[in-house]
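> Questions regarding the structure given below will be posed in turn.
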Amino acid sequence: MSLSHAILASLSDSSSSGYDLAKQFDGSVGFFWKATHQQIYRELRKLEQSNWIKAEEIAQEGRPDKKVFSITDLGKQTLQDWIAQPTGISPAKEEILVKLFAGYLVPKETMIQILQEQRQHHWERLLTYQEIKTKYFQDINNCQLPQKYQYLTLRKGLRCEEDWIAWCDEAISFLSN
């Protein structure tokens, strides 16, 4: 997967300015595909050059014109082709696991502290996901089809965070004995 696919997926739902897209990214796709605002703007230019998206200049009073991006038919076809391709397993990149693997090199209390911090981070993200669920997915059975797919990504996030918290608790308990 590339950032271009994540942007196309975001624009498939609705048109957006670069600024609004970057903000939306932070609260949706950004939970599972990290990108800085600079990377998003750079990729938007590439996507426009590839004719996968188009930009419309919107005049704003007292401010510079705003570019609103929307996905083109070619961009939608590109996204559909990519979605239909088989998906492999993403390579794991977990800094905490590398630290834990060599954790015997530091005092046990250091690793327990790191695990407690990790648990707190995952707890905070779980709360964020729960807020999103409450705000946007009250009655999931009566949602439109796009929201049902978005809900599935949220459920994966919820389950992942619940699992991280349980694993941190297990690891802390194991190392404490």
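> Could you pull out every one of the helices (runs of 4 or more DSSP H) wholly within segment 19-131 that has 1 or more residues that are charged (D, E, K, R) and over 30 Å from residue 172 (Cα atoms)?
Working: elements: 37-49, 73-84, 95-101.
Because the criterion is at least 1 residues that are charged (D, E, K, R) and over 30 Å from residue 172 (Cα atoms), the helices (runs of 4 or more DSSP H) in segment 19-131 that meet it are 37-49, 73-84.
> Sort through 134, 78, 110, 87 and tell me the only one that's among the hydroxyl-bearing types (Ser, Thr, Tyr) and buried (at least 16 other Cβ atoms within 10 Å of the Cβ).
78
> Further, regarding this structure: Determine whether segment 53-64 contains at least one residue that is within 22 Å of residue 83 (Cα to Cα), at pLDDT 90 or above, surrounded by 15 or more Cβ atoms within 10 Å (Cβ to Cβ) and not charged (D, E, K, R).
For segment 53-64, residues within 22 Å of residue 83 (Cα to Cα), at pLDDT 90 or above, surrounded by 15 or more Cβ atoms within 10 Å (Cβ to Cβ) and not charged (D, E, K, R): present.
> With respect to residue 25, determine if the residue is touching a Ser or Thr at 6+ places or on another chain (Cβ under 8 Å), at pLDDT 95 or above and surrounded by 15 or more Cβ atoms within 10 Å (Cβ to Cβ).
Answer is no for this residue.
> Of everything in segment 113-128, what is more than 14 Å from residue 163 (Cα to Cα) and over 18 Å from the mean Cα position of the chain (by Cα)? Give them in sequence order.
Scanning segment 113-128 gives 113, 114, 116, 117.
> Shifting gears a bit: Among the residues of segment 137-170 satisfying the criterion of being of a type in the set (S, T, N, Q) and in a helix (DSSP H, G or I), which is surrounded by the fewest Cβ atoms within 10 Å (Cβ to Cβ)?
Only one residue tops the list, namely 141.
The values are calculated or read from the model by the stated rules, or taken from the named source; none is laboratory data. Predicted model only: the values in this text are computed from it and were never measured. We place every Cβ from the backbone using ideal geometry, glycine too, and count neighbours over all the protein chains shown.
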